[in-house]
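The values are calculated or read from the model by the stated rules, or taken from the named source; none is laboratory data. Remember, it's a predicted structure, so these values are computed and weren't measured experimentally. Positions of Cβ are generated from backbone atoms using ideal geometry, with glycine treated the same way; all protein chains shown enter the neighbour counts.
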Amino acid sequence: MRLRCTIPMLTLIIAAAGCDWMPGKPTKADEPVVPSDVHAFTTLYTNNCSGCHGANGQFGPARPLNDPLYLTLADDSYLIDITSGGVPHTLMPAFAQRDGGGLTESQIKDVINGARRTWGGHAASTESTTPPPLQSETTGDVGRGQSLFATYCGSCHGADGTGGDVAGSVVDSSFLAMASPQALRSTIICGRLDLGMPDYRGHINGKPAPQRAGLTALNDQQVSDITAWILSHRLEYPGAPYPSLKDPPGGETKTP
């Protein structure tokens, strides 16, 4: 039996066979990328981290990540924990999907590994001084911290921490409401390369800072003492106080 191929059938066969080349069909490159399939460090960092940590890991409101010393002292488990779960009572959110964020565990590791590849870290130290640990259980003493702050930090922040000609206040209630104890400790140890703040050795970009000339490197106990003194200025309810309902302008008492 001979199959007769009509024109409509032929058209249907050609269309089915050639659907991959029909005009207007999206190519693979045109298909939208699933967010969980993105693994490029630059894309992940730009979309999730740069708003706080800076476009190139510096000059953001949060700790600069473009800092080899910080990336050396912060091990992978620590960075994974804070990136995944965020930091409670601060503006650092949780990025792990299991905690309501938008990144997979693999993507979080991509960000951390990418930061190390791009900005350094984990290099063998040639310094004779052992840096204080980034995380410590050492209890700080407020009294000692006050004296140490005036000696090591007062030339920039003022002896009382309220700010000087070079740097601003570190005892401002709004600032302390957003800065975690760990963030303060990390900054005292690693400094701020982008803002010209010396690290625990008194160095900026590997060179001695004039404001710390003649001072020895800070140790674990001293860092804990300074951190404790700064935190002693925290208020339970920071921010501008609300006017009292009993003392309104004009002296009239208001009824709630």
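Taken together, the residues in region 186-201 that are touching a Phe, Trp or Tyr at 6+ places or on another chain (Cβ under 8 Å), assigned to a loop (DSSP other than H, G, I, E, B) and modelled with pLDDT of 95 or more amount to 1.
Does Asp199 meet the test of being crowded, with 20+ Cβ neighbours inside 10 Å, within 19 Å of Ala159 (Cα to Cα) and in contact with an Asp or Glu (Cβ under 8 Å, 6 or more places away or on another chain)? For Asp199, the condition - crowded, with 20+ Cβ neighbours inside 10 Å, within 19 Å of Ala159 (Cα to Cα) and in contact with an Asp or Glu (Cβ under 8 Å, 6 or more places away or on another chain) - is not met. Cβ separations smaller than 9 Å between residues 6+ apart or across chains give the following pairs from region 130-150 residues that are closer than 25 Å to Tyr78 by Cβ to residues that are among the small types (Gly, Ala, Ser) and loosely packed, with under 15 Cβ neighbours inside 10 Å: Pro131/Ser125; Gly145/Ser232. Considering every residue within region 207-219, establish whether at least one is out of contact with any Ser or Thr (no Cβ under 6 Å at 6 or more places or on another chain), buried (at least 17 other Cβ atoms within 10 Å of the Cβ), under 18 Å from Pro132 (Cα atoms) and not basic (Lys, Arg). Scanning region 207-219, I find at least one residue that is out of contact with any Ser or Thr (no Cβ under 6 Å at 6 or more places or on another chain), buried (at least 17 other Cβ atoms within 10 Å of the Cβ), under 18 Å from Pro132 (Cα atoms) and not basic (Lys, Arg), so the answer is yes. Taken together, Leu91, Leu71 contain a single residue that is touching a residue at least 40 places away in the same chain (Cβ under 8 Å), outside the structural domain of Ala179 (by TED's automatic domain parsing) and closer than 18 Å to Ile189 by Cβ, which is Leu71. No other residue among Gly100, Gly114, Gly60 is surrounded by 10 or more Cβ atoms within 10 Å (Cβ to Cβ), at pLDDT below 95 and under 30 Å from Pro198 (Cβ atoms) apart from Gly60. Looking only at residues in region 74-86 that are outside any helix (DSSP H, G or I) and free of Cβ contacts under 8 Å to residues at least 24 places away in the same chain, the one that is farthest from Gly206 (Cα to Cα) is Gly86. Considering only residues in region 39-55 that are assigned to a helix (DSSP H, G or I) and touching a residue at least 24 places away in the same chain (Cβ under 8 Å), the one that is nearest to Gly102 (Cα to Cα) turns out to be Asn48.
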